[in-house]
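What follows is a structure written as structure tokens; I'll ask about it next.
The values are calculated or read from the model by the stated rules, or taken from the named source; none is laboratory data. As the structure is a computational prediction, the values presented were derived from the model and not from experiment. Here the Cβ positions follow ideal geometry from the backbone for every residue, glycine too, while neighbour counts run over all protein chains shown. Heads up: the accessible areas ignore ligands, DNA and RNA and are worked out on the full protein's heavy atoms, side chains in. Shrake-Rupley method; radii C 1.70, N 1.55, O 1.52, S 1.80 Å.
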Amino acid sequence: MSTNGQGFTLSDEHKMIQKSARDFSEKEIKPIAAEFDESGDFPKETIKKMGKMGFMSIEVPEEYGGAGMDTMAYVLALKEICKADASHGTIMSVNNSLYNYGLLLFGTDYQKETFIGPVASGEKIGAYSLTEPSAGSDASTMRSRAVLDGDDYILNGRKSWVSGGPVADLVVVFMMTDPDQKHRGISAFVIDANQPGFIRDKKEPKMGIRASATSELVFEDYRCPVKNRIGEEGEGFKIAMTVLDAGRIGVATQALGIAEAAYEASVAYSKEREAFGKKIGQFQGVAFQLADMKTRLEASRLLVYQSAFAKERHKTTGERYTLEASMAKLFASETANFCANAAVQIHGGMGYSKELPIERYYRDAKITEIYEGTSEIQRMVISRLETGLR
Ligand code: COS
């Protein structure tokens, strides 16, 4: 992508992945989105197909089984998937940004060679597990423990709100190795979910993104080989935060997809539906809502693209892109909620009906203001970075 004074110009490679994600969404995701939303089942078969298309590992180099493309390609493809269905988008975002990208940044050669490929191909599902029942925004207060015992760590604890938890084969998990060191006593591990001591607990009954099944995970004397520790002991919190910067770009992109879907449906409906002898889009009450939706949508897109450029720059300079990622997530998630809310209102009764996807956009949008750091956390991150105060 480049800027030529007339806005952004996509490269041929970018246009290609954007189109293939759009076509895939139309053919494979849109027709099943409502059914999977209703059942809350995890769309395993579609995810396998997404793996074959290269959508589960866009930024992973080809040597590890990925598509070897850049962040902009990731953002363009993810937006198309999320526009069709935010649940599929969550699965794509978690596997790309939190699982694969985290291992790529911090994993050993053994870990990259062993644990990325199966998730990149869509054969296996990866997850990222930081949150605990009593440690959400304040992630460093986690209680789960990993204790060294010979060549293994013994893992014990309860993790919550794990996207993909009910089906994940491989999980990047964070646990305390030295509680006295507080956040500097946290370590990261990649674990195989098909080993004894790993228990999938309560599946969360959720309002939105229902097909990206979420659950608690329990570790009971789970033996994790030392070679599966990611980074050094005590580096876990930094790894978690660094990876979340990437994840937040994924959530911002998801929000952009939801907002765009809600907006386009609203434009179409306002040109078709009549009331009091006019198209409803001719009433200023509707027209001004459309104007506000479009403006916020495009502002979100610019913030998402800016964060994608910043992440790409990070790959060569190592410069953090925390600010760009947090601003994109904050603004795009609030825009998704604004647009989904307006879309329901513009569609009236039909917006409230399950016959159209509008009510799903409304339910799906909410989580983008909550997971991978609430809007309040994003405001805290942004203001701390800007003022240096805390
Ligand atoms: N990238 C790299 N390092 C980071 C970082 C980032 N984005 N953010 C913080 N760190 C580092 C800091 O540099 C600091 O390092 P030192 O140990 O060398 O001092 C360390 O992490 C602790 O940072 P800080 O003191 O700012 O931590 P806080 O406990 O105040 O927490 C917030 C900071 C609130 C921003 C963090 O806990 C957070 O993001 N919470 C939300 C968690 C979340 O998103 N949960 C959802 C999970 S996924 S559903």
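Which is modelled with pLDDT of 95 or more, out of contact with any Lys or Arg (no Cβ under 7 Å at 6 or more places or on another chain) and within 11 Å of the ligand (Cβ to nearest atom), of ARG320, ARG296?
Going through ARG320, ARG296 in turn, the sole match is ARG320.
Provide a single number: the residues in region 150-186 that are free of Cβ contacts under 8 Å to residues at least 60 places away in the same chain, more than 24 Å from the chain's Cα centre (by Cα) and assigned to a strand (DSSP E or B).
Total satisfying the criteria: 1.
Anything in region 344-369 that is among the hydrophobic types (A, V, I, L, M, F, W, C) and part of a helix (DSSP H, G or I)? List them, or say none.
VAL344, ILE346, MET350, ILE358, ALA365, ILE367
Could you tell me whether region 367-387 includes any residue that is away from the ligand (no atom under 16 Å from the Cβ) and within 17 Å of the chain's Cα centre (by Cα)?
Scanning region 367-387, I find no residue that is away from the ligand (no atom under 16 Å from the Cβ) and within 17 Å of the chain's Cα centre (by Cα), so the answer is no.
Here are some conditions: (1) open to solvent by 10 Å² or more (accessible area, probe 1.4 Å); (2) under 19 Å from the mean Cα position of the chain (by Cα); (3) free of Cβ contacts under 8 Å to residues at least 60 places away in the same chain. ILE116 meets all but one. Which one does it not meet?
(1)
Shifting gears a bit: If I ask for residues that are within 16 Å of the ligand (Cβ to nearest atom) and open to solvent by 60 Å² or more (accessible area, probe 1.4 Å), which ones from region 346-366 would you list?
LYS366
When you go through (1) free of Cβ contacts under 8 Å to residues at least 60 places away in the same chain; (2) in a helix (DSSP H, G or I) one by one for GLU319, which number turns out not to apply?
That leaves (2) as the condition not met.
Next up: Of all the residues that make up region 223-238, how many are within 16 Å of the ligand (Cβ to nearest atom) and part of a helix (DSSP H, G or I)?
Number of matching residues: 3.
One line per residue, one yes/no per condition, for (1) under 18 Å from CYS339 (Cβ atoms); (2) away from the ligand (no atom under 16 Å from the Cβ):
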residue: ALA240; (1), (2): no, no
residue: ALA246; (1), (2): no, no
residue: ILE249; (1), (2): no, no
residue: ALA255; (1), (2): yes, no
residue: ILE258; (1), (2): yes, yes
residue: GLU264; (1), (2): yes, yes
residue: PHE276; (1), (2): no, yes
residue: VAL286; (1), (2): yes, yes
residue: LEU290; (1), (2): yes, yes
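So, one more: Looking at TYR99, TYR74, TYR110, which is the one that is assigned to a helix (DSSP H, G or I), open to solvent by 40 Å² or more (accessible area, probe 1.4 Å) and on the phi < 0 side of the Ramachandran plot?
TYR110
What's the total number of residues in region 273-310 that are in a helix (DSSP H, G or I), of a type in the set (A, V, I, L, M, F, W, C) and open to solvent by 30 Å² or more (accessible area, probe 1.4 Å)?
7
Among the residues of region 328-339, is there at least one that is modelled with pLDDT of 95 or more, away from the ligand (no atom under 16 Å from the Cβ), open to solvent by 30 Å² or more (accessible area, probe 1.4 Å) and among the hydroxyl-bearing types (Ser, Thr, Tyr)?
no
If you take the residues of region 140-149 that are outside any loop (DSSP other than H, G, I, E, B) and among the hydroxyl-bearing types (Ser, Thr, Tyr), which of them is most open to solvent (accessible area, probe 1.4 Å)?
Filtering region 140-149 for residues that are outside any loop (DSSP other than H, G, I, E, B) and among the hydroxyl-bearing types (Ser, Thr, Tyr), the one most open to solvent (accessible area, probe 1.4 Å) comes out as THR141.
Tell me which residues, restricted to region 214-232, are farther than 16 Å from ARG145 by Cβ and either open to solvent by 50 Å² or more (accessible area, probe 1.4 Å) or at pLDDT below 95 (or both).
LYS227, GLU232
Kindly evaluate ILE125 against the criterion of being open to solvent by less than 10 Å² (accessible area, probe 1.4 Å), more than 16 Å from the chain's Cα centre (by Cα) and closer than 18 Å to LYS52 by Cα.
In short, no.
List, please: which pairs have Cβ atoms under 7 Å, are six or more places apart or on different chains, and start with a residue in region 8-29 that is in contact (Cβ under 8 Å) with a residue 12 or more places away in the chain and end with one that is in a helix (DSSP H, G or I) and open to solvent by 50 Å² or more (accessible area, probe 1.4 Å)?
GLU28/LYS49
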